[in-house]
1. Taking amide H atoms as placed 1.01 Å from N in the peptide plane, list the residues 5 or more away in sequence, or in a different chain, whose amide H sits under 5 Å from that of LYS78.
2. Would you mind checking the pairs LYS43/LYS83; LYS83/LYS125; LYS38/LYS125; LYS38/LYS83; LYS43/LYS122 and listing those with alpha carbons more than 22 angstrom apart?
3. Compute the label zone of GLU115 within segment 72-94: residues whose backbone N is under 20 Å from the point 7 Å along Cα-to-Cβ.
4. Rank-order 36-42, 200-206 by packing density, defined as the average count of other C-beta atoms within 10 Å over each peptide's residues, highest first.
5. Run the reach check for LYS186 against lysines, Cα to Cα strictly under 21 Å, same-chain hits fewer than 8 apart removed. What comes back?
6. Label points 7 Å out from Cα along the Cβ direction at ASP155 and THR79: separation in nm?
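Where a number appears in this text, it was derived from the coordinates with a stated rule and is not lab data. Here the structure is a predicted model, which is why all the values come from computation and not from measurement. Don't worry about glycine lacking a Cβ; one is built from the backbone with ideal geometry, like all the others, and counts go over all protein chains shown.
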Amino acid sequence: MVLLTMIARVQDGLPLAASMQEDEQSGRSLTDYQNQAKMLFRKLDENSPLRCSIETGQMMIFHYLIDRSVCYLVLCEKTFSKKLAFAYLDDLQNEFYGQYGRRVGMVSRPYSFIEFDTYMQKTKKQYMDSRTRRNINVLNNELQDVQRIMVQNIDDVLQRGVALSVLDDKASNLSSLSKKYKQDAKYLNIRSTHAKIAAIVVIVIMIFVYIRYWWF
């Protein structure tokens, strides 16, 4: 079963559209998964796999695809066909890009294309029934070899992002300390130079005074 669908901009993780299970009780239980999806969007970048499956808990799995810097993500029960899930995402990608592709980079408000939920709801119903001829054809289509798509764990993905963030912070701190060290070293060098000059001036004055009063 398809429980949650979200679309986001990869550049900054901005959610563009979303569709959740209509049942209110299911909706409340999906809030945690929605938050996981938002965190996942913020971890994605140009080096992320274009197609990936991410296990979350014992019963659920995220599938996502990235196309033209937009991420299309769906949360399914693990028993739901992987081929159908990616076929569903491909369908959404084609329609979404056709309607909003040129506007994706211009929006700044979350869920700017929330009206796309109507299409997602309609398309989801078509893919929920695996007995339809369309879905049987998709399942039998060997051109889409989804078995080779990388499977990861949500905790590993999010923790790796945290670890990278910590490394970035440490690198920034080291850079700041390095700059401060250079500034301190420069200041000490200037003080040392001034001290040397002052010592030379004192010696010259003492020699001058000695010559003036003792020899003349």
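1. The answer is MET60, ILE61.
2. The answer is LYS43/LYS83; LYS38/LYS125; LYS38/LYS83; LYS43/LYS122.
3. 92-94
4. On the way: 36-42: 19.6, 200-206: 10.0.
The peptides rank, most packed first, as 36-42, 200-206.
5. Output for LYS186: LYS196.
6. Roughly 2.5 nm, to one decimal.
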